[in-house]
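Note sheet for the following structure.
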Amino acid sequence: MTYKFLLPLCSSLFLLACSSTSEIDPSIKEVPLPAQWQNGQALTEQTLEEKAALSAQDNWLAQLKNPQIHQLVNKALVHNQQFAMQAYSLQIAEQQLIMVGSELWPSLDLAFKSGRNKNNQPVSYDNSNTLNLNLSYEVDIWGKLSAADRQSNYNYLSQKSTFEEYKQQLVVDVVTTWFDVIEADKLLKLYQNRVANSRQNLAIIEAGYQAGLSEALDVYLARNELNNELTRVADQQVAKIKVIRQLERLTGEYPQGDLLVEANLPLLTDEIPMGLPSELISRKPSLKASWYQLLAQDAGLAYAHKQRFPSLVLTSSIGDSASDIGNLLSSSSLAWSLLGSISAPIFNAGRLAANEEKSRLELKQKEQQYLDTLYSAFSDVENAISTEQGLKQSYNTMLEAQENAKIASTLSFEQYQSGLVTYTTVLDAQKRAFDAQSTLIQIKKQLITNRINLHFSLGGDFTTPSLVTEAK
């Protein structure tokens, strides 16, 4: 009668503990996604199918044909210390996966003991030698160990995706910093041209002053302008060295600041395939990492729940003991044992229940973290698209402003020499011309940086074959 009473209870416990239903909110798995990016054109059903077939920004690094940047990227992937740390983290996660998975298998241990004892009454010596082979196996009756194994698997996959995300980010950092060096060099050369122009102006004005054609105020203004430009050059030289050192650190080198970069800033105006918003979930490593973390926490909740149920452990042992080592493992004296033990938590002051509730709350926290990562990823893409559109418009208007400013600068100096305008007018016109040139350099650099960030935001892989464009 007692066994008949316990049978329904044990059956209920078994069904309850073995339940592997996911606790993740179903709405998380069915987040409504936009059919297209907000800044995209209105798409027909046929266009949507064509756009879905496009791979977003595969092998975007191949757009840069300069061999130096490819050498720097390869060097960074080999020598960057932070990247090496991420690689070790992935290897650690892999070993953790093996450790947790081993709990599903029996453990077999061999134990050998040898000793010698002395008795004083009467004096005698005893030798003792034991050799045992022990087998232990926990039956995963509730699926607890399987839940721990799933959690470890998802943690490994999350770490693998995080490693891929860091790899992509490292390449982005190297390329954008390389272009920072090019921008710094272009600005330095522009400022040096401004110094040369200021020296020329000063020489002309001083000659005019000696001839009585210019005023002393114009001389002082020209000298002040030259000193300002010399200061700007000195500051830009320091800025260039700093960004070179930053690039050297990314490639794992000692930051000496002597890396030579010879390249131009390409003008990137071609359209790129952005694919559909729904593709982002399967492409972007950070989103995959966040999803795997959520699945790992869901498995962790299952493990915490099943810890509250009994554990069944089977153990067996075979061995021998003898005073003489040579007599060990004698077939006539071998002993063996087979045991089964069940342990169940009775009272732990609510520790296991609190641990389960803690895991449940952490799962809810991971759900919100995943949604935050998802919407941040969409926001990054939308912002990059809007920024590119604005930068293209700014480049076109600034290109026209630069031409107008150059003409105005030339005319103002001619009119000054003719006595029609003051030298302050010349300085103002020249400042506008040089500002337009420096702004144009900066906008080209911003276009490149934003385009690279757009590739990264879309989950583009820099290693997959794709169309290439010249960027010499």
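The values are calculated or read from the model by the stated rules, or taken from the named source; none is laboratory data. Owing to the predicted nature of the structure, the values given are computational and were not obtained by experimental measurement. Cβ sites come from the backbone with ideal geometry, for glycine too, and all protein chains shown count toward neighbours. Ligands, DNA and RNA are excluded from the accessible area calculation, which covers all protein heavy atoms including side chains. Shrake-Rupley method; radii C 1.70, N 1.55, O 1.52, S 1.80 Å.
Dipole check for the stretch 282-440: with +1 at the C-beta of Lys and Arg, -1 at the C-beta of Asp and Glu, and the Cα centre as origin, the magnitude is about 400 Debye.
Remark: for residue pairs Lys364/Lys445; Lys75/Lys288; Lys189/Lys284; Lys392/Lys431; Lys284/Lys364; Lys186/Lys284, the C-alpha separation exceeds 30 Å in Lys364/Lys445; Lys189/Lys284; Lys186/Lys284. Can you give me the Cα centroid spacing of the stretch 359-423 and the stretch 222-256 in angstrom? One Cα centre to the other: 23 Å. Relative to the longest principal axis of the Cα atoms of the chain, the long axis of helix 285-306 makes an angle of roughly 20 degrees.
Mind sorting out which of [x] 36.6, 131; [y] 21.1, 64; [z] 22.2, 66 is the real Rg and Dmax of the Cα atoms in Å computed from the coordinates? Computed from the coordinates, Rg and Dmax of the Cα atoms in Å corresponds to [x]. A dipole drawn for the chain from +1 and -1 charges on Cβ atoms has a positive end, and of Ala429, Ala289, Val313 the residue lying farthest that way is Val313. With just the Cα atoms defining each centre, how far is the stretch 109-124 from the stretch 259-291? Give it in Å. Cα centroid to Cα centroid, the span is 72 Å. Note on the stretch 50-194: with charges restricted to the Cβ of Lys and Arg (+1) and Asp and Glu (-1), its dipole about the Cα centre is near 460 debye.
Accessible surface computed residue by residue for the stretch 249-365, with neighbouring protein chains in place and a 1.4 Å probe, gives 56 Å² per residue. Relative to the longest principal axis of the Cα atoms of the chain, helix 144-210 runs at roughly 20 degrees.
Relative contact order of the chain, taken over Cα pairs closer than 8 Å and 6 or more residues apart, is 28 percent. Measure nothing fancy, just the Cα-based angle from helix 423-457's long axis to the longest principal axis of the chain, in degrees from 0 to 90, nearest 10. The angle comes out near 20 degrees.
Taking the square root of 5 times each eigenvalue of the Cα gyration tensor, what semi-axes in Å does the equivalent ellipsoid of the stretch 351-398 have, largest first? Taking √(5λ) for each eigenvalue gives 46, 6, 4 Å, largest first. When the GluC sites (Glu not before Pro) in the stretch 222-322 are filtered for DSSP coil states and for at most 14 other beta-carbon atoms within 10 Å of their beta-carbon, the remaining sites are Glu262, Glu271. Rounded to the nearest 20 debye, the dipole magnitude of the chain is 1000 debye, with +1 charges on Lys and Arg beta carbons, -1 on Asp and Glu beta carbons, and the Cα centre as origin. Across the accessible surface of the stretch 102-232, with the other protein chains kept in place and a 1.4 Å probe, carbon and sulfur atoms take up 50 percent.
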